[in-house]
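Engineer: Please see the structure below; I have some questions.
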Amino acid sequence: MTQQELQQRFEIPGILRFEPGEGGLMAAHITAPEAEATIYFQGAHLTHWKPAGQAPVLFTSSRSEFTAGKAIRGGVPVIFPWFGERHDGKAGPSHGFARVSQWQLAFTAMAGEALHLMWTLEPNELSRSLGFDHFKVGYLMSIGQTLTLELTVANDSHANDSSSGSGARTPEQMQQQGTPFSYEAAFHTYYEVADARQVSVEGLGNTEYIDKVDGAKRKRQQEPLLHLNGRTDRPYLNTAATCVLNDPAGQRRIMVQKSGSNSTVVWNPWSELCAKMPDMAPEGWQRFVCIETANVGENAISLAPGAAHSMKAEISVEALA
């Protein structure tokens, strides 16, 4: 859809407009009374959210390339249908294809003080080349003083689908014949903080996690608060808890409530890894903490033919007393 067609179908004067953003990539630009935001069509990628009266809540790297087919560094990347490297030994982009695919905008409307946008992703040339041809994704954003993100995935295969031949079937062929579709998903959200060395995260005490910095060992966090003191890469499992990111240097806390999610991932590359990342400034790690609403690992979702699942995050900000 061209810029002119987007304007004709979806523009809300004074609130929502469409024009190229960084790198010439098409973006939706929002200046609603309760919040500013920017969303790129590549990845349905929210790179900026600033509630009225607040500092920006999302961190986006100053060195992100904003290039077609390359993931944007920061904001809210949508991870689907696998988390990290592809697990079946086949090639595929890190964290799946959703964040480097072009999404379609289906609906926009003001409801109360919030702007609602519905994005959709269906099989495309990239997903088909990777063996994924029977899914539908809807992504509803509600942008205001609170940010609500809801990702719904449907298994679009049918039980009476059939294909010729016999013998062993690949997972992709089984999906096409109406078998369950398993996937992982995450809102890989980068929260802007004043100093990552001073933050704490509430809500993950007494929860098991995989320590990807220590050989993927399974551990349990006993302490009620997580303080970052080095590279951190932890998928927490079997948790639906609300997380609170306390940012004392920034004089605020960020609350992340969720539903339909049984994993939470906390990530920060710290100085050594950050220095090796070409799309991050060397000191960038100090400015963000990722708290990801997710379903990964043993919490991956399996959908029967025709079934769907929704994962939701509600993000709000308040000043520290």
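Engineer: Can you tell me which residue in the range 107-119 is modelled with the lowest pLDDT, limited to those that are of a type outside the set (A, V, I, L, M) and surrounded by fewer than 16 Cβ atoms within 10 Å (Cβ to Cβ)?
Structural biologist: So in the range 107-119, the residues of a type outside the set (A, V, I, L, M) come out as 107-108, 112-113, 116, 119.
Narrowing further to those that are surrounded by fewer than 16 Cβ atoms within 10 Å (Cβ to Cβ): 107, 112-113.
On the way: Phe107: 96, Gly112: 88, Glu113: 91.
Selected residue: Gly112.
Engineer: Can Asn160 be described as among the polar types (S, T, N, Q), modelled with pLDDT under 95 and part of a loop (DSSP other than H, G, I, E, B)? Talk me through it step by step, then tell me what you get.
Structural biologist: Numbers: among the polar types (S, T, N, Q): yes; modelled with pLDDT under 95: yes; part of a loop (DSSP other than H, G, I, E, B): yes.
It is true that Asn160 is among the polar types (S, T, N, Q), modelled with pLDDT under 95 and part of a loop (DSSP other than H, G, I, E, B).
Engineer: Sticking with this structure for a sec: Return the pairs, sorted by first residue and then second, in which the second residue is among the basic types (Lys, Arg) and in a strand (DSSP E or B), the first residue lies in the range 247-273 and is farther than 18 Å from Arg234 by Cα, the beta carbons are less than 6 Å apart, and the residues are 6+ apart or on different chains.
Structural biologist: Sorted first by the residue in the range 247-273, then by its partner, the pairs are Ser259/Lys312; Gly260/Lys312.
Engineer: Residues of the range 73-126 being in contact with a Ser or Thr (Cβ under 7 Å, 6 or more places away or on another chain) and among the basic types (Lys, Arg), which ones?
Structural biologist: Correct list: Arg73 only.
Engineer: Which residues, taken from the range 244-287, are under 15 Å from the mean Cα position of the chain (by Cα), buried (at least 17 other Cβ atoms within 10 Å of the Cβ) and more than 15 Å from Leu204 (Cα to Cα)? Outline the logic, then answer.
Structural biologist: Taking the range 244-287 and keeping what is under 15 Å from the mean Cα position of the chain (by Cα), we get 256-267.
Next, from what is left, pick out any that are buried (at least 17 other Cβ atoms within 10 Å of the Cβ): 256-258, 260-267.
If the condition is that a residue be under 15 Å from the mean Cα position of the chain (by Cα), buried (at least 17 other Cβ atoms within 10 Å of the Cβ) and more than 15 Å from Leu204 (Cα to Cα), then Gly260 is the only one that fits.
Engineer: Sticking with this structure for a sec: Do you know which residues across the range 1-40 are outside any helix (DSSP H, G or I), touching a residue at least 24 places away in the same chain (Cβ under 8 Å) and closer than 19 Å to Phe59 by Cβ?
Structural biologist: Taking the range 1-40 and keeping what is outside any helix (DSSP H, G or I), we get 1-2, 11-21, 25-40.
Checking the rest, the ones that are also touching a residue at least 24 places away in the same chain (Cβ under 8 Å) come to 1, 12, 15-16, 21, 25, 28, 30, 32-35, 37, 39-40.
Matches in the range 1-40: Gly21, Leu25, Ile30, Ala35, Ala37, Ile39, Tyr40.
Engineer: Of all residues being touching a strand residue (DSSP E or B) at 6+ places or on another chain (Cβ under 6 Å) and assigned to a loop (DSSP other than H, G, I, E, B) in the range 65-76, which is surrounded by the fewest Cβ atoms within 10 Å (Cβ to Cβ)? Just the residue, please. Before the answer, list the steps.
Structural biologist: Taking the range 65-76 and keeping what is touching a strand residue (DSSP E or B) at 6+ places or on another chain (Cβ under 6 Å), we get 72, 74-76.
Pick out the ones that are also assigned to a loop (DSSP other than H, G, I, E, B) and you get 72, 75.
Details: Ile72: 25, Gly75: 23.
Ranking the qualifying residues of the range 65-76, first place goes to Gly75.
Engineer: Also, quick follow-up: So which residues in the range 303-321 are among the small types (Gly, Ala, Ser) and under 11 Å from Ser259 (Cα atoms)?
Structural biologist: As a first pass, look at the range 303-321 and keep what is among the small types (Gly, Ala, Ser): 304, 306-308, 310, 313, 316, 319, 321.
Once the filter is applied, which keeps residues that are among the small types (Gly, Ala, Ser) and under 11 Å from Ser259 (Cα atoms), the range 303-321 yields Ser310, Ala313.
Engineer: While we're on this one: State which residue pairs qualify: first residue in contact (Cβ under 8 Å) with a residue 12 or more places away in the chain and charged (D, E, K, R) and inside the range 115-135, second residue surrounded by fewer than 16 Cβ atoms within 10 Å (Cβ to Cβ) and part of a strand (DSSP E or B) in any location, beta carbons under 7 Å apart, and separation of 6 or more residues or different chains.
Structural biologist: What qualifies is Glu122/Lys136.
Engineer: Look through the range 229-253, keep the residues that are of a type in the set (D, E, K, R) and out of contact with any Phe, Trp or Tyr (no Cβ under 7 Å at 6 or more places or on another chain), and return whichever of them is nearest to Glu192 (Cα to Cα).
Structural biologist: First pass over the range 229-253, keeping only residues of a type in the set (D, E, K, R): 231, 233-234, 247, 252-253.
Retained after the next criterion (residues that are out of contact with any Phe, Trp or Tyr (no Cβ under 7 Å at 6 or more places or on another chain)): 247, 252-253.
Working: Asp247: 9, Arg252: 11, Arg253: 11 Å.
The extreme case among them is Asp247.
The values are calculated or read from the model by the stated rules, or taken from the named source; none is laboratory data. Everything numeric in this text was worked out from a predicted model, so none of it was measured. With ideal geometry, Cβ positions are generated from the backbone for all residues, glycine too; neighbour counts draw on all protein chains shown.
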